[in-house]
1. Counting residues that are under 19 Å from the mean Cα position of the chain (by Cα) and not charged (D, E, K, R), which strands (runs of 3 or more DSSP E) fully inside region 243-362 reach at least 2?
2. Do we have Y70 as touching an Asp or Glu at 6+ places or on another chain (Cβ under 6 Å), over 21 Å from R350 (Cβ atoms) and either within 16 Å of ligand 2 (Cβ to nearest atom) or open to solvent by less than 20 Å² (accessible area, probe 1.4 Å) (or both) here?
3. For the structure I just gave you, tell me whether D300 is more than 23 Å from R362 (Cα to Cα) and within 16 Å of ligand 2 (Cβ to nearest atom).
4. Among the residues of region 192-211, is any assigned to a loop (DSSP other than H, G, I, E, B), within 16 Å of ligand 1 (Cβ to nearest atom) and either in contact (Cβ under 8 Å) with a residue 60 or more places away in the chain or of a type in the set (D, E) (or both)?
5. Need the failing condition index for M103 against (1) more than 15 Å from V116 (Cα to Cα); (2) within 16 Å of ligand 2 (Cβ to nearest atom), just the number.
6. Could you grab me the full set of residues in region 158-177 that are more than 16 Å from ligand 2 (Cβ to nearest atom), buried (at least 22 other Cβ atoms within 10 Å of the Cβ) and part of a helix (DSSP H, G or I)?
7. Taking only region 212-242 into account, find how many residues are touching a helix residue (DSSP H, G or I) at 6+ places or on another chain (Cβ under 9 Å) and part of a helix (DSSP H, G or I).
8. For region 257-278, what are the residues that are within 14 Å of ligand 1 (Cβ to nearest atom), more than 21 Å from P320 (Cα to Cα) and charged (D, E, K, R)?
Amino acid sequence: MVFSRMTTVATIQEAGTLQETEDRMRAKLAGIVPEFEIGLKAELAFEINRLKHERNAVILGHNYMEPALYHSVPDYVGDSLELSRISAQTEADIIVFCGVLFMAETAKVLNPDKTVLIPSDKAGCSLAEGITARDVGLLRERFPGAPVVSYVNTYADVKAESDYCCTSGNGDAVIRHLLNEGHTKVIFVPDEFLARNTARELAIPFVEGWKPDSVEDAARLECAIIGWGARCVVHDLFTADDVMAVRKQFPSAILLAHPECRPEVIELVDLTGGTKKMVEFVRQSKAGQFMLFTECSMADNIAAENPDKEMIRLCSHRCPYMATITLEDTLKALQNIQYKVELSPEIISRARLPLDRMLEIR
Ligand code: 13P
Ligand code: SF4
């Protein structure tokens, strides 16, 4: 299996000196991060990489990390699905998850003997906070027999109540798998828009499962995806007017959107996909200009990696949770072994099956 390993970011054996760390960061980030800041960040990155080696830790960085962090300390970068696969397989003693809590929890469930650290105790997610295990119980009562698919952006107790998990990279494949098994109603939580967009892609009706009269709505349908009403605070901001305005201003740009965006946004863009699909599309495309309707640090990270491509940049769509993960706190995480992700053995064992199923389906 090939993961996107950060060959530009070396471990301490390869890094050698602070100067080399700084030179490598400058080569990558010139034009993205101001010179003086690279100097400051390189000192932190050097110390993090030194400690990472000393403590036999691996650092995983989600695609939404800020560019100086993304391009300096992670051993692996990627989307939720790739990072889950790596966490399941790593032999390091410590996993430092530069992402948000539900991702670090997933790493703990998949590799429970490891110490899993998240550098901030404020790295939540509006989707994960938008549903509880009790809500899943309520949906099961309303729609008996319908399997529950939880987007990976949920906390471990919700996963423990689910039959399958999925990410933005394989949600459609998981639902298709369940339909092929003969299910006609599938509960897909918690992201309203991801569920609506998946239903549209699979040409299946969508039912608003959070409403009491949804039971009658579903009963009238032969086949349906039953959703929940949680939304991503970042992707919910984009509107169809935004897309049309960008089209007018940048007629030759390719527009890409994350499936957590509103359906009317998805209808107007050129490509929809999770963060991995967007990164790969820009990397392989022969076009010269792109705009991503997603968290704004990702365009900076792609720009740093593809200096020949122009990314139309946003700065007001930063995920407030991802933004709490800094180089400063990543260093503290390794120095103080904080913040440890702790889950009960019962939750770990119940959340494992839906996550294993998620990793099996592509
Ligand atoms: P990906 O699974 O596409 O990496 O996205 C995670 C996320 O939190 C999107 O907002
Ligand atoms: Fe959650 Fe949205 Fe932030 Fe992703 S961008 S972590 S879905 S709040």
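1. Details: elements: 254-257, 289-293, 310-312.
Answer list for region 243-362: 254-257, 289-293.
2. On the way: touching an Asp or Glu at 6+ places or on another chain (Cβ under 6 Å): no; over 21 Å from R350 (Cβ atoms): yes; either within 16 Å of ligand 2 (Cβ to nearest atom) or open to solvent by less than 20 Å² (accessible area, probe 1.4 Å) (or both): yes.
So Y70 does not fit the description; no.
3. Numbers: more than 23 Å from R362 (Cα to Cα): yes; within 16 Å of ligand 2 (Cβ to nearest atom): yes.
Yes: the conditions hold for D300.
4. no
5. With (1) more than 15 Å from V116 (Cα to Cα); (2) within 16 Å of ligand 2 (Cβ to nearest atom) applied to M103, the lone miss is (1).
6. A160, V174, I175
7. Here the count works out to 7.
8. Scanning region 257-278 gives a single hit, K277.
The values are calculated or read from the model by the stated rules, or taken from the named source; none is laboratory data. Remember, predicted model here, so these are calculated numbers, not experimental data. Reconstructed Cβ throughout: ideal geometry from the backbone, glycine too, with neighbour counts over all protein chains shown. We work out accessible area using only protein heavy atoms, side chains counted, and drop any ligands, DNA or RNA first. Shrake-Rupley method; radii C 1.70, N 1.55, O 1.52, S 1.80 Å.
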